[in-house]
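Asker: Handing you a structure now.
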Protein chains: 2
Amino acid sequence: MEPNKILNLSVDCVVFGYDTNTKSLNVLLIKRYLESETTKDVLVNDYVLTGYHVYEDETLDESATRVLKELTGLTNQYKKQFKAFGNPDRLSNKKDLIWVQNQEFNLRTITIAYYFLLKTEDVDVDNNKYEAKWFPVRELPELGFDHQQIIEEAHEDLKTKCLVEPIIFELLPDKFTINDVQDLYESILGIEIDNRNFRRKLINKKYIIPLDEKQVGVSKKPAQLYMFSKDIYKKMYHKNYLINI
Amino acid sequence: MEPNKILNLSVDCVVFGYDTNTKSLNVLLIKRYLESETTKDVLVNDYVLTGYHVYEDETLDESATRVLKELTGLTNQYKKQFKAFGNPDRLSNKKDLIWVQNQEFNLRTITIAYYFLLKTEDVDVDNNKYEAKWFPVRELPELGFDHQQIIEEAHEDLKTKCLVEPIIFELLPDKFTINDVQDLYESILGIEIDNRNFRRKLINKKYIIPLDEKQVGVSKKPAQLYMFSKDIYKKMYHKNYLINI
DNA sequence: GCAAAAGTGTTGATTGTACACCCATGG
DNA sequence: CCATGGGTGTACAATCAACACTTTTGC
């Protein structure tokens, strides 16, 4: 039996997935489709974030973790609660009203928004019962509710955070090349980075560890693989209070 | 007539106030006191953040603004929504249960936490109907609910943010000295800063504008006063994507 | 004239930035 | 042998960090 839902409270999850091959930072969205029973007109046909009510007896973090697992099967992914969205009119779009009609939603629902970081390849979208699909973060489809705004704010938070904490490695496979990291930064930030300077900077970090391995199966010079050591990072870390205003 | 309250949803406000004279970063707290009607035992005697239910027809931001105004009379202060707190057991402390007993609180209440930045002197605590009182952020009294944690997380967010955005000036009067700014940074961050280096750095910013004025009424060499120009700051600002991991 | 805080310069180290070509590999 | 992306070095500029004494004022 399903636990009691808090009817005016939900979590929504912005699932970021990076695809090393296409160099694309993606967001995982689920299809929302409804047609009129009488006229067969399409009433709703767009995408939304995955989300669900919070249960009475779980924490907000647990709720987000549960929602991610339900959609992807994944647990133990990096997550961050980044903002609550609760405008009185956030569900008052016509499409959204139709959609919400037959659900146990309060019209005034507050959602606690999380984002997750993982690898696109870790999600099996082909056999997904919610018709989940990846979209490049800069080519989003039509979105329901206020999910466009939620994704934008998640992306902004990610931009800020990836400059300051080593969360970038949550989006990469365990073994990666220096250029993978650069490509990912460029995808997230929407900028170009000088390869020589970036490379030097990264290789000098003690927690970026070169492996005795190179890429395989590429039709060009195979690149050196590296790993990120969270342990070394934590040991070496000391906050620097650089005032940068 | 009071608008409808959302019974399981509140905002809590961490009001930071800086006192230039005592060089103290303070938090504004309100007294919580209750004694037994029969035995006269003191049942609850501590402090809490100011907060209140969200109304049905207002945004979260409006709710926080209203709560601040109710306590301090102030509007138009810098505010930031920084986290939602909603653990199922966050009101389950014995004192808190007693306190909540006669209020229209749901036991499972989610609170959206904001912090505000202002000047201690702008609040008239002597004539405050909630018995509001300032406490140095590093010498907090016993606190109800999970408000200790909320304040700590607000402080952490403030530490991070003041390094990157010019919010420090929200805590200072319009006219300030360079040493005021340094003292404030030291209070927030809990570090010591080299005066010569700091001074040079700040004076070189185009948006720190020297005034034709010096301190008055000080029994020592009066210091040069400066102001912060938000306009110039905005014009000059361009995001730098310095990767600092 | 004294107490108290304001204000001032230099140097070396570190870090950032701009920039163009050769190399190794698979096919 | 060629196409592709991997990998490399130098020089200049900017910023940071360490460090101690003189100046100005009110009293």
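Asker: Of the residues in region A:209-225, how many are loosely packed, with under 12 Cβ neighbours inside 10 Å, part of a strand (DSSP E or B) and near DNA strand D (Cβ under 8 Å from one of its atoms)?
Answerer: Going through region A:209-225 one residue at a time, the tally reaches 0.
Asker: Okay, next question. Which residue is farthest from the other protein chains (Cβ to nearest Cβ), if the candidates are limited to region A:81-95 and must be more than 22 Å from A:Ala64 (Cα to Cα) and in contact (Cβ under 8 Å) with a residue 24 or more places away in the chain?
Answerer: Going through the qualifying residues, I end up with A:Lys95.
Asker: Output the residues belonging to region B:141-178 that are surrounded by fewer than 16 Cβ atoms within 10 Å (Cβ to Cβ), away from every other protein chain (no Cβ under 12 Å) and more than 23 Å from B:Ile110 (Cβ to Cβ).
Answerer: Matches in region B:141-178: B:Pro141, B:Glu142, B:Pro173, B:Asp174, B:Lys175.
Asker: Please identify the pairs in which a residue from region B:155-184 that is away from DNA strand D (no atom under 16 Å from the Cβ) and β-branched (Val, Ile, Thr) has its Cβ atom under 8 Å from the Cβ atom of a residue that is modelled with pLDDT of 95 or more and not in a loop (DSSP other than H, G, I, E, B), counting only partners at least 6 apart or on another chain.
Answerer: Partner pairs satisfying both residue conditions: B:Ile167/B:Tyr78; B:Ile167/B:Leu117; B:Ile167/B:Leu158; B:Ile167/B:Lys161.
Asker: What residue, among those in region A:183-222 that are of a type in the set (Val, Ile, Thr) and closer than 26 Å to A:Asp157 by Cβ, is nearest to the other protein chains (Cβ to nearest Cβ)?
Answerer: The residue in question is A:Ile191.
Asker: Of the conditions (1) modelled with pLDDT of 95 or more; (2) within 13 Å of DNA strand C (Cβ to nearest atom); (3) outside any helix (DSSP H, G or I), A:Ile243 fails just one. Which one is it?
Answerer: That leaves (2) as the condition not met.
Asker: Continuing with this model, one more query. Only one residue in A:Ile168, A:Ile178, A:Ile151, A:Ile208 is hydrophobic (A, V, I, L, M, F, W, C) and in contact with a Cys (Cβ under 6 Å, 6 or more places away or on another chain). Which one?
Answerer: Of the residues listed, the single one that is hydrophobic (A, V, I, L, M, F, W, C) and in contact with a Cys (Cβ under 6 Å, 6 or more places away or on another chain) is A:Ile168.
Asker: As an exercise: evaluate B:Gly51 against (1) out of contact with any strand residue (DSSP E or B) (no Cβ under 9 Å at 6 or more places or on another chain); (2) in a strand (DSSP E or B) and give the number of the one condition it does not meet.
Answerer: Of everything listed in (1) out of contact with any strand residue (DSSP E or B) (no Cβ under 9 Å at 6 or more places or on another chain); (2) in a strand (DSSP E or B), B:Gly51 misses just condition (1).
Asker: Could you give me the residue pairs with C-beta distances under 6 Å whose first residue belongs to region A:58-78 and is without any contact (Cβ under 8 Å) to a residue 12 or more places away in the chain and assigned by TED's automatic domain parsing to the domain that holds A:Glu121, whose second residue is loosely packed, with under 15 Cβ neighbours inside 10 Å and in a helix (DSSP H, G or I) wherever it lies, and which are 6+ apart or on separate chains?
Answerer: A:Thr75/A:Lys69
Asker: Checking the conditions here, which among A:Glu104, A:Glu37, A:Glu58 is within 14 Å of chain B (Cβ to nearest Cβ) and in a loop (DSSP other than H, G, I, E, B)?
Answerer: Being within 14 Å of chain B (Cβ to nearest Cβ) and in a loop (DSSP other than H, G, I, E, B) holds for just one of A:Glu104, A:Glu37, A:Glu58, which is A:Glu58.
Asker: Here is a follow-up. So, A:Tyr47, is that one in contact with a Pro (Cβ under 7 Å, 6 or more places away or on another chain) and surrounded by 21 or more Cβ atoms within 10 Å (Cβ to Cβ) or not?
Answerer: Criteria met by A:Tyr47.
Asker: So, of the residues in region B:187-197 that are without any contact (Cβ under 8 Å) to a residue 60 or more places away in the chain and surrounded by 14 or more Cβ atoms within 10 Å (Cβ to Cβ), which turns out to be nearest to B:Glu165 (Cα to Cα)?
Answerer: B:Leu189
Asker: Further question: From (1) crowded, with 20+ Cβ neighbours inside 10 Å; (2) within 14 Å of chain B (Cβ to nearest Cβ), pick out the condition that doesn't hold for A:Val67.
Answerer: That leaves (2) as the condition not met.
Asker: To continue, here is another question. Evaluate the following for B:Glu104: is it among the charged types (D, E, K, R) and surrounded by fewer than 12 Cβ atoms within 10 Å (Cβ to Cβ)?
Answerer: yes
The values are calculated or read from the model by the stated rules, or taken from the named source; none is laboratory data. Model, not experiment: these values are computed from the prediction. Note that we place each Cβ from the backbone using ideal geometry, even for glycine, and neighbour counts take in every protein chain shown.
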